[in-house]
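Chemist: One structure, pasted below without further comment.
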2 protein chains.
Amino acid sequence: MGKRTRIVILGGGFAGVYTAKALLQQGGDRVEVHLVNRENYLVFQPMLPEVISGSVGIADTTTPIRRFIPRARLHMRDIEGVNLEEQHVVCSPGFRPRPLILPFDHLVIALGNVTDFRGMTGLAEHAMPFKTHGDALALRNHVIRVLEEADAESDSELRTRLLTFVVAGGGFSGVEVIAELHDFVRQASRSYPSVSREQCRFVLLHSRDRILPEVDEKLALYAQNLLRKRGIEITLGARLAAATADNAILADGTKIPTTTLVATVPSHPNPLCDALDLPKDRGRLIVDAHLRVKDQPNVWAMGDCALVPMPPDGSGKESFAPPTAQHAIREARVAASNILATVNGTSLKPFAFKGLGSLCALGHRKGVAQVMGVRLAGMPAWFLWRTVYWSKLPGIQCKVRVGLSWLLDLFLPPDIVQLRVGKSSGINHEHFEPGQAVFEEGDLGDRVYIIIRGSADVERRDDDSGEVTRVAQLEAGQYFGEMALLNRAPRNATVRCVTAMDVLSIEKGEFTSLIAHLDVLRSQFQHTARTRGQTRETEMNPPTLPRE
Amino acid sequence: MGKRTRIVILGGGFAGVYTAKALLQQGGDRVEVHLVNRENYLVFQPMLPEVISGSVGIADTTTPIRRFIPRARLHMRDIEGVNLEEQHVVCSPGFRPRPLILPFDHLVIALGNVTDFRGMTGLAEHAMPFKTHGDALALRNHVIRVLEEADAESDSELRTRLLTFVVAGGGFSGVEVIAELHDFVRQASRSYPSVSREQCRFVLLHSRDRILPEVDEKLALYAQNLLRKRGIEITLGARLAAATADNAILADGTKIPTTTLVATVPSHPNPLCDALDLPKDRGRLIVDAHLRVKDQPNVWAMGDCALVPMPPDGSGKESFAPPTAQHAIREARVAASNILATVNGTSLKPFAFKGLGSLCALGHRKGVAQVMGVRLAGMPAWFLWRTVYWSKLPGIQCKVRVGLSWLLDLFLPPDIVQLRVGKSSGINHEHFEPGQAVFEEGDLGDRVYIIIRGSADVERRDDDSGEVTRVAQLEAGQYFGEMALLNRAPRNATVRCVTAMDVLSIEKGEFTSLIAHLDVLRSQFQHTARTRGQTRETEMNPPTLPRE
């Protein structure tokens, strides 16, 4: 037995984990498999929407990678870079600030794709993605917070906004999310005495003329009717263009007042792929039928970050594998055996899986399915969904937990506990539309804003006449909102956007720490506050910060 | 029927929630009960240590307050202040930056206590508290991260440090935490091929001459022997004095190299109590036997933030109710009926509960118990622990979930999934001891530091001779570490503390956002980096920031 072949796999989704599993099964002691992933678990994506409603438990859809492939070496790190010439991967540091270097004989790239809000105004700031396990937990927590707020809120406009739930994207993921959101909110609202089911609004936005492009028209129409009958609004031909903290804004200018916007549409191959000097098409790595990257003897790619050619279907048209778990798992097996064949000098085999079909759960024990030419709708499709996905859950532990959760879900009400793990970051980007108030006179001062793009008016209302006057204008590079924090007083003016505006906001705690210890910042802010304070009764003249 | 009596309860622990429950049960439609709490759930504290090991599920120990007391009005807010004269409570804002004002006829203060690391150097920065559900999840995630790192680490000193787990405080809480940590790490280590059980070290620090002051000596010695037999080191007469990211430091100067330090000892009544103009003793509110705050007709207090007098035990010595759930629940019932008696003008009754006894779980199906004069140890005590606490779990949902988790725990290995909810804050305080390196030459640059207190040397090693020279000294008010971030290069020098040093550290992402948009900061940092860069080969002369 010669030297072990060292294979480094980037990414711990289905593609990466199943490649590792197949390599270890088929390669035995001849291979050493390293897997780099940010998390130490594999998420069972198809059941992620059920995390929202709690019909599966929070950790049920996750499988520890170490348990699933005990002989692989897992590195819970970020990937900083790949050096193809020197054949090594650079990973982020752990407890010590030293990078981890992993040399490889073969490299497998299975980084998947990421939610991509670039070019869509305000989405990165105010829309919630739905891709990772963290996204699902964040959405669940957000929805519970919204219900808590709505229950206490007396302003009817804000209540409407809080109780409107918008999902953009009518593919499988979007449909399953709106269905689960609907079921959860309707059931949970029983615990909120001031929230009635009738007040809750659910909107699904889809850019084409029917939802579910993954299945044929008849099933899609069935799903559409079913969801509409439940009271879910489906807006077809609608394209999400922008978002603020208060509104979803469509391409035609329509605003939907909401504080919950989930966007499942735009995805882009992992940005790490962009940095690799490898042949790509629209960001995805070009591989041959053997899953080997073009012109690279020892680099393989698969899953959602690669353009995997499908076997010819006789039509002569070239097509590529869709981003589903069933394809990723088959690609993984083919890649693993081809890597071993390359090592052994035997012949490679092409990827030849044609897909088994599609399953979509619609909530309320209904679904649609299109499996090997057969169409199913309603309860049988839902039953098939549960059976198929339950059997595909990796590991016995996962199967037991999900099974029990489903059982409990039959007779227990949904959990409405809002779990918090760690405090969130206090420095955020926010987007505002023209005319929108960032804050109003008399509000509590809880953060400071720095204008990145756009401009705003500072307005003050006369206590006697009630007349509103513009006292100053703010431009990019200027900051505002510091006075209320420095003086621990309510906001002494309203700031209203003139144009669309992007800001960096710093929360009270972080702002206090920074000005306490960064002298240059403290002097600057105190100087501004003094200047603004003195001119308070006459006119406010915001200073411009010195530019380079 | 007259006007409803409006009662506002501060705090959603056992004391607050059970007061609300009793008020609504006994007062019916005559009362309107408002409860203010940061979370929308009640945590079953006695089972919190089991969250570490996963022998109960992550959300099992929580009960949604809305489900438990559906007729109470829950406000998921922070408390900003209490105005006793105008009889209202001011709560933090929700989606809109407006404070919430809650007027009251009667006020119930049940804020509990908080972990208090004041006056203990470095503990706030580097020790983990164990009080809330969030603390338990954070500890669990931390331990999993430590195991992941240890598995990959080749430096044996760092490995030892990673695999040493220290708990300070030998009361019930500390003992249960070390026992659960031990069980979890021992079992989980099977999934980490490079981590052997023998390498893991567990240390319990206690300041007195025996652990478990809550039970009598015989039981405490039994527990001590049992834990020691398992390999847990119990260091008696040891007082934790300070902490860094790398060490627990005792009062006698002993350093225990560890990256996991849990401190269960110091607790202090909630700081909100300090701000109240009410009679206090050592921070706790003074109440009479009726649980009414001294000299206040309509303010009541109980639980861990109040000094509740125990019924006379014949010894003539004055004593106060201990901070346990059994006492809090009885206090709640007494307070509720006294509030209603005040409203109705009937006579009040005193708090007369003497306590049922103590139970402590020791892991491995062992425990100690001292109940109504009877002492139990080992398996029977553990069985009693489970029976009593299971029966006390609030709500059927909680009971079912915990029961099932315990069942699964018998035959499934512990879960090692590290759940992440939200990203953590990028601005932190850190503490270093004299001689400690903040970072070393060649390390990756991942954050910037601002010195709050203390001083450090900047050292550089000559590539040829290997000689180390001091090139500069850094003092409070100065910052360092910006060059590696601005130039995306490894650290070009080592920074080593001369004295003990406290710093504010800002992570790469936050630092990049701040200097991108705050011109004054960018100019300052770029100027410094240029100055330092020019003098790189000769001598580094860190600039002093302008002081006010």
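The values are calculated or read from the model by the stated rules, or taken from the named source; none is laboratory data. This is a predicted model, so every value here is computed, not measured. Every residue, glycine as well, gets a Cβ built from its backbone with ideal geometry; the counts of neighbours run over all protein chains shown.
Chemist: Specify the residue that is farthest from A:THR499 (Cα to Cα); the eligible residues are those in region A:442-457 that are at pLDDT 90 or above and more than 7 Å from chain B (Cβ to nearest Cβ).
Modeler: Per the criteria, the residue is A:VAL448.
Chemist: Of all residues in region B:427-459, which are free of Cβ contacts under 8 Å to residues at least 60 places away in the same chain and not aliphatic (A, V, I, L, M)?
Modeler: B:PHE439, B:GLU440, B:GLU441, B:GLY442, B:ASP443, B:TYR449, B:ARG453, B:GLY454, B:SER455, B:ASP457, B:GLU459, listed by residue number.
Chemist: So B:ARG460 passes all but one of these: (1) modelled with pLDDT under 90; (2) farther than 22 Å from A:ILE515 by Cα. Which condition number does it fail?
Modeler: (1)
Chemist: Can you name the residue in region B:100-128 that is touching a helix residue (DSSP H, G or I) at 6+ places or on another chain (Cβ under 8 Å) and of a type in the set (Gly, Ala, Ser) and is also nearest to the other protein chains (Cβ to nearest Cβ) among such residues?
Modeler: B:GLY112
Chemist: In region B:201-224, is there at least one residue being assigned by TED's automatic domain parsing to the domain that holds B:LEU250, within 23 Å of B:LEU362 (Cβ to Cβ), without any contact (Cβ under 8 Å) to a residue 24 or more places away in the chain and polar (S, T, N, Q)?
Modeler: yes
Chemist: Then there is this: Give me the residue from region B:129-146 that is more than 20 Å from B:ASN247 (Cα to Cα) and aliphatic (A, V, I, L, M) and, out of that set, nearest to the other protein chains (Cβ to nearest Cβ).
Modeler: Restricting to residues being more than 20 Å from B:ASN247 (Cα to Cα) and aliphatic (A, V, I, L, M), the top hit is B:LEU137.
Chemist: Further question: Looking at region B:442-460 only, could you name the residues that are surrounded by 15 or more Cβ atoms within 10 Å (Cβ to Cβ) and either outside any loop (DSSP other than H, G, I, E, B) or touching a His at 6+ places or on another chain (Cβ under 7 Å) (or both)?
Modeler: Within region B:442-460, B:ARG447, B:VAL448, B:TYR449, B:ILE450, B:ILE451, B:ILE452, B:ALA456, B:ASP457, B:VAL458, B:GLU459, B:ARG460 qualify.
Chemist: When you look at A:MET379, is it modelled with pLDDT of 90 or more, over 29 Å from the mean Cα position of the chain (by Cα) and more than 13 Å from chain B (Cβ to nearest Cβ), yes or no?
Modeler: When the stated conditions are applied, A:MET379 passes them.
Chemist: Within region A:343-374, can you find the residues that are free of Cβ contacts under 8 Å to residues at least 60 places away in the same chain and among the hydroxyl-bearing types (Ser, Thr, Tyr)?
Modeler: A:THR346, A:SER347
Chemist: Taking only pairs six or more apart or across chains, which ones have beta-carbon atoms under 7 Å, a first residue in region A:142-157 that is assigned by TED's automatic domain parsing to the domain that holds A:SER189, and a second residue that is among the basic types (Lys, Arg)?
Modeler: Between residues of region A:142-157 that are assigned by TED's automatic domain parsing to the domain that holds A:SER189 and residues that are among the basic types (Lys, Arg), the close pairs are A:ALA150/A:ARG159; A:GLU153/A:ARG159.
For (1) within 24 Å of A:ASN338 (Cβ to Cβ); (2) at pLDDT 95 or above, each residue gets a yes or a no:
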position	(1), (2)
A:GLY253	no, no
A:THR260	no, yes
A:THR264	no, no
A:ASN270	yes, no
A:ARG282	no, no
A:VAL293	yes, yes
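Chemist: Every residue in region B:375-404 that is within 22 Å of B:VAL17 (Cβ to Cβ), in contact (Cβ under 8 Å) with a residue 12 or more places away in the chain and aliphatic (A, V, I, L, M), please.
Modeler: B:VAL388, B:LEU393, B:VAL402
Chemist: Considering only residues of region B:73-87 that are free of Cβ contacts under 8 Å to residues at least 40 places away in the same chain and surrounded by fewer than 17 Cβ atoms within 10 Å (Cβ to Cβ), which is farthest from the other protein chains (Cβ to nearest Cβ)?
Modeler: Looking at residues that are free of Cβ contacts under 8 Å to residues at least 40 places away in the same chain and surrounded by fewer than 17 Cβ atoms within 10 Å (Cβ to Cβ), I get B:GLU85.
Chemist: Do we have any residue at all in region B:404-412 that's more than 7 Å from chain A (Cβ to nearest Cβ) and touching a Gly at 6+ places or on another chain (Cβ under 7 Å)?
Modeler: Within region B:404-412, the first condition is being more than 7 Å from chain A (Cβ to nearest Cβ), and the residues that meet it are B:405-407, B:409-411.
Filter once more, so that each one left must be touching a Gly at 6+ places or on another chain (Cβ under 7 Å): B:405.
Checking region B:404-412: at least one residue is more than 7 Å from chain A (Cβ to nearest Cβ) and touching a Gly at 6+ places or on another chain (Cβ under 7 Å).
Chemist: Say we look at region A:382-422 and pick out the residues that are over 26 Å from the mean Cα position of the chain (by Cα) and of a type in the set (Val, Ile, Thr); which of these is modelled with the highest pLDDT?
Modeler: Applying the filter and picking the extreme gives A:THR387.
Chemist: To continue, here is another question. Is it the case that some residue within region A:117-124 is of a type in the set (Gly, Ala, Ser) and in contact with a His (Cβ under 6 Å, 6 or more places away or on another chain)?
Modeler: Checking region A:117-124: at least one residue is of a type in the set (Gly, Ala, Ser) and in contact with a His (Cβ under 6 Å, 6 or more places away or on another chain).
Chemist: Being part of a strand (DSSP E or B) and more than 40 Å from the chain's Cα centre (by Cα) is the filter here, so list the residues in region B:461-482 that pass it.
Modeler: B:ARG461, B:VAL468, B:THR469, B:VAL471
Chemist: State whether the residues of region B:363-385 include one that is within 30 Å of A:GLU507 (Cβ to Cβ) and either surrounded by fewer than 20 Cβ atoms within 10 Å (Cβ to Cβ) or not assigned by TED's automatic domain parsing to the domain that holds B:GLN187 (or both).
Modeler: no
Chemist: I've got another one for you. Need the failing condition index for A:PRO97 against (1) more than 8 Å from chain B (Cβ to nearest Cβ); (2) farther than 22 Å from A:PHE432 by Cβ; (3) buried (at least 17 other Cβ atoms within 10 Å of the Cβ), just the number.
Modeler: (1)
Chemist: Scan A:LEU250, A:LEU212, A:LEU227 and give me the residue that is out of contact with any Ser or Thr (no Cβ under 9 Å at 6 or more places or on another chain) and of a type outside the set (Phe, Trp, Tyr).
Modeler: Selected residue: A:LEU227, the only one of A:LEU250, A:LEU212, A:LEU227 that is out of contact with any Ser or Thr (no Cβ under 9 Å at 6 or more places or on another chain) and of a type outside the set (Phe, Trp, Tyr).
Chemist: Among residues belonging to region B:147-187 that are farther than 23 Å from B:ALA243 by Cα and more than 9 Å from every other protein chain (Cβ to nearest Cβ), point out the one that is surrounded by the most Cβ atoms within 10 Å (Cβ to Cβ).
Modeler: Looking at the filtered set, the residue picked out is B:PHE184.
Chemist: If a residue has to be within 14 Å of A:GLU510 (Cβ to Cβ) and not in a strand (DSSP E or B) to count, how many in region B:492-516 make the cut?
Modeler: Result for region B:492-516: 5.
One line per residue, one yes/no per condition, for (1) surrounded by fewer than 22 Cβ atoms within 10 Å (Cβ to Cβ); (2) over 30 Å from A:ALA301 (Cβ atoms); (3) not polar (S, T, N, Q):
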{"position": "A:ARG208", "(1), (2), (3)": "yes, no, yes"}
{"position": "A:ASN225", "(1), (2), (3)": "yes, yes, no"}
{"position": "A:ARG230", "(1), (2), (3)": "yes, yes, yes"}
{"position": "A:ILE234", "(1), (2), (3)": "yes, yes, yes"}
{"position": "A:ALA251", "(1), (2), (3)": "yes, yes, yes"}
{"position": "A:HIS268", "(1), (2), (3)": "yes, no, yes"}
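Chemist: Over 30 Å from B:VAL185 (Cα atoms), acidic (Asp, Glu) and exposed (fewer than 15 other Cβ atoms within 10 Å of the Cβ): does that describe B:GLU467?
Modeler: Spelling it out, B:GLU467 is indeed over 30 Å from B:VAL185 (Cα atoms), acidic (Asp, Glu) and exposed (fewer than 15 other Cβ atoms within 10 Å of the Cβ).
Chemist: OK, next. Kindly indicate whether A:VAL146 is aliphatic (A, V, I, L, M), within 15 Å of the chain's Cα centre (by Cα) and modelled with pLDDT of 90 or more.
Modeler: No: the conditions fail for A:VAL146.
Chemist: Okay, next question. Of everything in region B:424-436 that's more than 10 Å from every other protein chain (Cβ to nearest Cβ) and crowded, with 16+ Cβ neighbours inside 10 Å, which residue is nearest to B:ILE515 (Cα to Cα)?
Modeler: B:GLU430
Chemist: Could you please give the count of residues in region A:215-242 that are over 16 Å from A:LEU181 (Cβ atoms) and outside any helix (DSSP H, G or I)?
Modeler: Total meeting the criteria: 9.
Chemist: Further question on the same structure: Only one of these conditions is not met by A:LEU272: (1) assigned to a helix (DSSP H, G or I); (2) touching a strand residue (DSSP E or B) at 6+ places or on another chain (Cβ under 8 Å); (3) over 20 Å from A:ASN37 (Cβ atoms). Which number is it?
Modeler: (3) is the only condition that A:LEU272 fails.
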